[in-house]
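Report on one structure; see the data block that follows.
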Amino acid sequence: MITQASQISILVKDLEEAKQFYTKKLGFIVRDEIEFSPGWKYLTVSPNSANETRLELVKADTPKQKEIIGKQAANQVLIMFLSDDIEKDYLEMKGRGVTFHGEPQNVPGGKGVGFEDLYGNAYDLFQPTSKE
């Protein structure tokens, strides 16, 4: 039985540029950064050390890979990130230069807002309605 996703690969143009975006603008941490051989580096990031799902930033090498950078979900949301304080996260990320598609608003099940990464991949930030 599948119990959870552990890693999602995101194609990027430049590993260092992508690492800076995810850590400096989104506030993620580097989980792994290992150079296995010249030209092949394994780099993962996640929102925090307790988060079990990692994003692997993969440098696109082939023309086909390069072609889909920023369009990995065909202009749909690639990943929905959960927040425990969407207003705070929105203001902090926006202040760091993250491009948002509006402001947090009520959506089914909570509050949400869309944003994009440095290459144009679409993401959602979502805070579920608390169940007290």
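For the stretch 109-115, backbone phi angles converted through the Karplus equation (6.51, -1.76, 1.60; θ = phi - 60°) give residue-by-residue couplings of x, x, 10, x, 7, x, 8 Hz, Gly and Pro being listed as x.
What is the distance in Å between the Cα centroid of the stretch 74-120 and that of the stretch 1-51? So the two Cα centres are separated by 19 Å. Within the chain, DSSP assigns beta bridges of which about 65% are antiparallel (rounded to the nearest 5). The residues of the stretch 1-117 present an accessible area of 63 Å² per residue when probed at 1.4 Å with all protein chains retained. Two numbers describe the Cα atoms of the stretch 55-126: Rg and Dmax, which are 13.6, 41 Å.
Full extension of the segment from LYS13 to GLU35, taken as 0.36 nm per residue of separation minus the current Cα-Cα distance, would add 6.2 nm. Please state the shape class of the stretch 22-74: rounded when a/c is under 1.5, otherwise prolate if a/b exceeds b/c and oblate if not, all from the C-alpha gyration tensor. Because a/c hits 1.5 or more and a/b fails to exceed b/c, the stretch 22-74 counts as oblate.
About its Cα centre, the chain has a charge dipole of approximately 240 debye under the convention of +1 per Lys or Arg Cβ and -1 per Asp or Glu Cβ, with nothing else charged.
Tell me, rounded to the nearest percent, the portion of alpha carbon pairs in the chain spaced more than 20 Å apart. Beyond 20 Å sits 48 percent of the P(r) for the chain.
In this structure, GLU87 and GLN4 have a Cβ-Cβ separation that, at R0 = 35 Å, corresponds to a calculated FRET efficiency of about 0.80. Judged by the mean number of other Cβ atoms found within 10 Å, the most tightly packed of the peptides 8-20, 114-126 leads the ranking 114-126, 8-20.
The values are calculated or read from the model by the stated rules, or taken from the named source; none is laboratory data. Note that the coordinates shown come from a computational prediction; the quantities given were computed from them, not determined experimentally. All Cβ positions, glycine included, derive from the backbone under ideal geometry; neighbour counts span all protein chains shown. Just so you know, the surface numbers come from the protein's heavy atoms only, side chains and all, with ligands and any DNA or RNA stripped out. Shrake-Rupley method; radii C 1.70, N 1.55, O 1.52, S 1.80 Å.
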